[in-house]
């Protein structure tokens, strides 16, 4: 039984490593998930008009400032006011490469304002590679704009 568990663990680590290595590098024109075009995209600042009960369906353009260091399962877009916009991917159907930070992208999906729990904020901080001290300092919920993206296009 111990050999079976060890074999299963080895296969799991191998699959995770293989999955990350098959992610295309973030070069101009590369898409992830649904095919996206850049036409009619609004800036991240345009989302600041959203109220807690509204949803924006469409395309948003912005600069990537962070990506999940574990497997690319989320990224954050920059806003002029300094508050990043969390972008997750529908059904975790695709992941982002580490070299996408600093790239201008267009994401297509649903944007909304939501309150993120302390537990979830700590989870995101751990995935982003924050220190234990930084994670321990998270002690209040946060209202943030988040996007559930069906697809991502790297513009430049």
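Placing one identical point scatterer on every Cα of the range 2-154 and ignoring solvent, what is log10 I(q)/I(0) from the Debye formula at q = 0.20 Å⁻¹?
So the normalised log intensities work out to -1.29.
Output the 0 to 90 degree angle, nearest 10, between the alpha-carbon long axis of helix 2-21 and the longest principal axis computed from the alpha carbons of the chain.
30 degrees
Compute the acute angle (0 to 90°) between the alpha-carbon long axis of helix 118-127 and the principal axis of greatest extent of the alpha-carbon atoms of the chain; round to the nearest 10°.
Roughly 70 degrees, rounded to the nearest 10.
How far apart, in nm, are the 7 Å Cα→Cβ label points at residue 136 and residue 40?
Distance between the two pseudo-spin positions: 5.1 nm.
If you average the alpha carbon positions of the range 126-145 and of the range 26-84, how far apart do those two centres end up, in angstrom?
Answer, in whole Å: 20.
Give the peptides 81-94, 63-76 in descending order of average Cβ contacts within 10 Å, highest first. Could you put the intermediate results ahead of the total?
Numbers: 81-94: 15.4, 63-76: 19.0.
The packing order, highest mean first, is 63-76, 81-94.
Tell me the mean residue ellipticity at 222 nm calculated for the chain from its helices only (DSSP H runs of n ≥ 4, each -39500 (n - 2.57), averaged over every residue, nearest 500). Please report the intermediate quantities before stating the final value.
Numbers: 3 runs with 35 residues, N = 156.
Computed ellipticity for the chain at 222 nm equals -7000 deg cm²/dmol.
As a test of the definition: which semi-axes, in Å, follow for the range 94-156 when you take the square root of five times each eigenvalue of its alpha carbon gyration tensor? Largest first, please.
That gives 25, 17, 9 Å for the three semi-axes.
Counting only C-alpha contacts under 8 Å and six or more residues apart, can you give the relative contact order of the chain as a whole percent?
31 percent
State the antiparallel share, in %, of DSSP beta bridges confined to the range 2-154, rounding to the nearest 5.
For the range 2-154, the DSSP antiparallel bridge percentage is about 85.
Only the coordinates and a few stated rules stand behind these numbers; no lab work does. In this text the structure is predicted, and so the values were computed from the model without any measurement. So basically every Cβ, Gly included, is an ideal-geometry build from the backbone, and we count neighbours across all protein chains shown.
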